[in-house]
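Engineer: Pasting a structure here, questions to come.
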Amino acid sequence: AQSVTQLGSHVSVSEGALVLLRCNYSSSVPPYLFWYVQYPNQGLQLLLKYTSAATLVKGINGFEAEFKKSETSFHLTKPSAHMSDAAEYFCAVSDGSGNTGKLIFGQGTTLQVKP
Amino acid sequence: DGGITQSPKYLFRKEGQNVTLSCEQNLNHDAMYWYRQDPGQGLRLIYYSQIVNDFQKGDIAEGYSVSREKKESFPLTVTSAQKNPTAFYLCASRRQGVDQETQYFGPGTRLLVL
């Protein structure tokens, strides 16, 4: 069965510092991988996704992630944190197009940005 | 303006009562999903439907029911059998295709027990 592990339920950085949110997955088939962001009491917004094209994926709001098959990782980074980045971030894996499309989510990482 | 709408934003359930959460999409997507979100547990799949008049149980379907009579609509009923219904419920629809694969989420409904 597929699973997703997000290391660190809470991450705190200073404004302007590097953001690194970790995600590891287990999948028996080449996965589709996603990062979503959620602001309080709102739905999820797609940040970026990996669907078998380039392994370095750029998303919205200056975020990017690199798919590393050998490490089964898909860590999310941003060079310089902004106060508006404070939110909860979810990594998810899918069984791919043509199948059920079900998403398996990690438990989420809350990003705090300190002034 | 395309997207997914969920209503109501807040819903209160009394003991023994069934309540229905609405989810509508105008994205022309075939597949739709219902997730439950609890603090510290991420999102868990309740039910999903890949096509009109067909749906399957997800990981935590007990105490819930759904219908899919129209492509645009996928309502979720929380029955009295669901003993711990307090949670944030999110509906999603799926755009399919190798490089287009994405689930889009609605704004959510927060269900509270009186």
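Engineer: Please list, in chain and number order, the residues 5+ apart from B:ALA31 or on another chain whose amide H is under 5 Å from its amide H, with Hs placed from the backbone.
Structural biologist: Here the answer is B:ARG94, since their amide H atoms fall under 5 Å of that of B:ALA31.
Engineer: Give the ranking of B:GLU15, B:GLU24 by solvent-accessible surface, highest area first, calculated with a 1.4 Å probe.
Structural biologist: B:GLU15, B:GLU24
Engineer: Only Cα pairs within less than 10 Å get springs; with that Gaussian network setup on chain A, which residue of A:ALA53, A:ALA86, A:ALA65 has the largest fluctuation?
Structural biologist: Of the options given, A:ALA53 has the highest mean-square fluctuation.
Engineer: Right, next: May I have the pair-distance distribution P(r) for chain B, computed from all Cα-Cα distances with 10 Å bins from 0 and rounded to whole percent?
Structural biologist: 15, 49, 30, 6, 0
Engineer: A follow-up question, please. Tell me, how many Å apart are the Cα centres for region A:29-48 and for region A:54-115?
Structural biologist: For region A:29-48 versus region A:54-115, the Cα centre distance is 7 Å.
Engineer: For region B:4-87, what relative contact order do you get, as a whole percent, if you take Cα pairs closer than 8 Å and at least 6 residues apart?
Structural biologist: For region B:4-87, the relative contact order is 30 percent.
Engineer: Let me ask something additional. Amide H neighbours of A:GLN112 under 5 Å, at least 5 residues apart or on other chains, H built in the peptide plane: list them.
Structural biologist: A:VAL11, A:SER12, A:VAL13
Engineer: What FRET efficiency, computed as 1/(1 + (r/R0)^6) with R0 = 25 Å and r the Cβ-Cβ distance, is obtained for A:SER26 and B:LEU27, rounded to the nearest 0.05?
Structural biologist: 0.25
Engineer: Right, something else. Using the alpha carbons of the protein assembly as shown, what is the convex hull volume per residue in cubic angstrom, as a whole number?
Structural biologist: Here the figure is 124 Å³ per residue.
Engineer: Points 7 angstrom from Cα along the Cβ direction at A:LYS114 and A:GLN42: gap in nanometres?
Structural biologist: According to this spin-label approximation, the distance is 2.5 nm.
Engineer: Excluding same-chain residues fewer than 8 positions from B:LYS9, which lysines have a Cα within less than 23 Å of its Cα?
Structural biologist: Candidates past the 8-residue exclusion: B:LYS70, B:LYS71, B:LYS83.
Engineer: While we're here: Using r as the Cβ-Cβ distance of A:HIS82 and B:ILE51, and R0 as 35 Å, what FRET efficiency do you calculate, to the nearest 0.05?
Structural biologist: Step by step, r from the Cβ atoms, then E = 0.25.
Engineer: Taking amide hydrogens as modeled 1.01 Å from N in the peptide plane, which residues meet the under 5 Å criterion relative to A:ALA17, leaving out close sequence neighbours?
Structural biologist: A:ALA81
Engineer: Something else: Where the accessible area of chain B is counted over protein heavy atoms with a 1.4 Å probe, how much of it, in %, is carbon and sulfur?
Structural biologist: C and S atoms contribute 47 percent here.
Engineer: Could you list, in their original order, any pairs among A:LYS49/A:LYS78; A:LYS68/A:LYS114; A:LYS69/A:LYS114; A:LYS58/B:LYS57 whose Cα atoms are separated by more than 24 Å?
Structural biologist: Violating the 24 Å Cα-Cα cut-off are A:LYS68/A:LYS114; A:LYS69/A:LYS114; A:LYS58/B:LYS57.
Engineer: What Kirkwood Rh does region A:1-108 have if only Cα atoms enter the pairwise 1/r average? Answer in Å.
Structural biologist: 14.1
Engineer: Pop a pseudo-label 7 angstrom from the Cα along the beta-carbon direction at both A:LYS69 and A:SER14 and give the gap in nm to one decimal.
Structural biologist: 4.0
Engineer: Another question, then. What ranking of B:ASP30, B:ASP59 comes out by heavy-atom accessible area, probe 1.4 Å, highest first?
Structural biologist: B:ASP59, B:ASP30
The values are calculated or read from the model by the stated rules, or taken from the named source; none is laboratory data. Source: prediction; values computed, not measured. FYI the Cβ positions are ideal-geometry reconstructions off the backbone, even for glycines, and counts take in every protein chain you see. Heads up: the accessible areas ignore ligands, DNA and RNA and are worked out on the full protein's heavy atoms, side chains in. Shrake-Rupley method; radii C 1.70, N 1.55, O 1.52, S 1.80 Å.
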